Structures are given as structure tokens and as C-alpha cells.
Amino acid sequence: MSAGETILVIDDARLARQMVRSFVGQIRPDLAVFEAADAGAALQVLDGMTTVTYATIDYNMPGMNGIDLAAVIRERFPAARIALLTANVQTALRRRAADARIDFIDKPINQAKIAAFIGPAAKG
């Protein structure tokens, strides 16, 4: 993978962000990791970014849900690979994510799920 790749981890649960950060560090230490606790903070972080390679977004957050935030990220960074990380595994939500070209990773997260999303073979 080329230098300068990034991942933006957005989740209102600090432990979830820490877990994703840890897994990313083990799987892809070359990725620069940025974090945000909600959509408002994510938008502030995005203002300072020139590229987003990957983003993981919790669905249920204060302010804006993950799918709506993903649309904002996709508008600015159309090539970003985005995953919705959520315990909400309803078929309708999975369908909305698929229609928006968002990967779906159900919680609880683990290293294998994150590896499948950001691993070398994952980027197409």
C-alpha cells in the first residue's frame, strides 16, 4: 500500500475507538489513525484531512447517524472505503448500508473483522 493512507475511526464509545485503533495498529501499522467521538467532531477532523482511505463509523451516535455521516465523507472523499460498525443488525439497515456502498461490520468487533476490511486484500 502507498504511504499516506489513513483511517478515520468514529464512535461515541471510547473503548470501541481504542479497540479499532489497536487492531489497525496490529494489522496495518502503516495507516495513520484519526479518531472522533461523534459526527460533529468527525467533521472537524475531516476539515484538516487531505485524504481518507478508510473510515469506520458507528451507526448510533449523537447528532447524526453513521449512514448520513458516511454520505458527507463520501462526497468529499469519493474513493474512501467506509464501514458501518454497529450492533444494530437489522436487515433494513444492512440494505441501506449496501445501497450507499458502505461495508457492514457487526459489533462486537474483533481483529478478524477489521482485517477483512483494511487488510491488503481488502482494497480492491
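Nothing in this text is a laboratory measurement; each read-out follows from the coordinates by a stated rule. Note that this is a predicted model, so its numbers are computed, not measured. Note that each Cβ is placed from the backbone with ideal geometry, even for glycine, and that neighbours are counted across all protein chains shown.
Numbers below:
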item: Sorted by Cβ neighbour density within 10 Å, fewest at the top, the residues Phe34, Phe117; result: Phe34, Phe117
item: Exposure proxy order (Cβ contacts within 10 Å, fewest to most) of Leu43, Leu85; result: Leu43, Leu85
item: P(r) histogram, all alpha-carbon pairs of segment 56-117 included - 10 Å bins from 0, percent; result: 23, 56, 21
item: Cα-only Debye scattering, segment 6-118: base-10 log of I(q)/I(0) at q = 0.15 Å⁻¹; result: -0.55
item: Residues Ala98 and Thr51, FRET efficiency given R0 of 30 Å [Cβ-Cβ distance, rounded to 0.05]; result: 0.75
item: By average C-beta atoms within 10 angstrom, highest first, the peptides 51-60, 95-104; result: 51-60, 95-104
